[in-house]
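Quick one: this structure, given as structure tokens, is what I'll be asking you about.
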Amino acid sequence: MKLIIRWAVLAFAMWIATLVVPGITVHGHLTTYLWVALLFGLVNSIFGSIIKVLTFPVSLVTFGLFLFVVNAAMLSLTARWSEKLDVSGFWSAFFASIIISSITTVFKATQQKPVQY
């Protein structure tokens, strides 16, 4: 059940990114956003994990800010593999990755159970 909710939150975050960031377009409606979110999640979990491990030293030096660049690259890769998602350039993907990462991080933080002592 948690996986389906996280998938829906990712689709919602992509919808918000398409509203806010010029240059990011999803051609379709709710099912299309769900499809693009599924594809982005798969690309990010498979390739993103490998890239994040390989670029760990750079991420460490930049205090984690380089992870937005990795996420932007994964978003661009998703756009390349999907006909339903268009990303016009690096900066559009970069700002969209910041929005998507922020929304999903806030959601994950609200789902954490508080530690009881």
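The values are calculated or read from the model by the stated rules, or taken from the named source; none is laboratory data. This is a predicted model, so every value here is computed, not measured. Positions of Cβ are backbone-derived with ideal geometry, glycine not excepted, and every protein chain shown enters the neighbour counts.
Considering (1) more than 14 Å from Leu10 (Cα to Cα); (2) in a helix (DSSP H, G or I), say which one Gln116 fails and leave the rest.
Every listed condition holds for Gln116 apart from (2).
For the stretch 16-38, give me each residue that is buried (at least 16 other Cβ atoms within 10 Å of the Cβ) and either of a type in the set (S, T, N, Q) or farther than 15 Å from Ser101 by Cβ (or both).
Thr18, Val26, Thr32, Tyr33, Leu34, Trp35, Val36
Looking at the stretch 58-81, can you tell me whether even one residue there is outside any helix (DSSP H, G or I), among the aliphatic types (A, V, I, L, M) and farther than 21 Å from Thr31 by Cα?
yes
Conditions tested, residue by residue: (1) touching a Ser or Thr at 6+ places or on another chain (Cβ under 9 Å); (2) modelled with pLDDT under 95; (3) β-branched (Val, Ile, Thr).
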position	(1), (2), (3)
Ile5	no, yes, yes
Gly48	no, yes, no
Ala93	yes, no, no
Phe107	no, yes, no
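Oh, and also: Restricting to the stretch 39-65, what's the tally of residues that are of a type outside the set (Lys, Arg) and either in contact with a helix residue (DSSP H, G or I) (Cβ under 6 Å, 6 or more places away or on another chain) or surrounded by 15 or more Cβ atoms within 10 Å (Cβ to Cβ) (or both)?
Qualifying residue count, the stretch 39-65: 11.
Regarding the stretch 44-51, can at least one residue be identified that is in contact (Cβ under 8 Å) with a residue 12 or more places away in the chain, among the aromatic types (Phe, Trp, Tyr) and closer than 22 Å to Val106 by Cα?
The answer is no, given that none of the residues of the stretch 44-51 is in contact (Cβ under 8 Å) with a residue 12 or more places away in the chain, among the aromatic types (Phe, Trp, Tyr) and closer than 22 Å to Val106 by Cα.
Which condition number in (1) over 13 Å from the mean Cα position of the chain (by Cα); (2) buried (at least 16 other Cβ atoms within 10 Å of the Cβ); (3) farther than 20 Å from Ser92 by Cβ is the one that Val9 fails?
(1)
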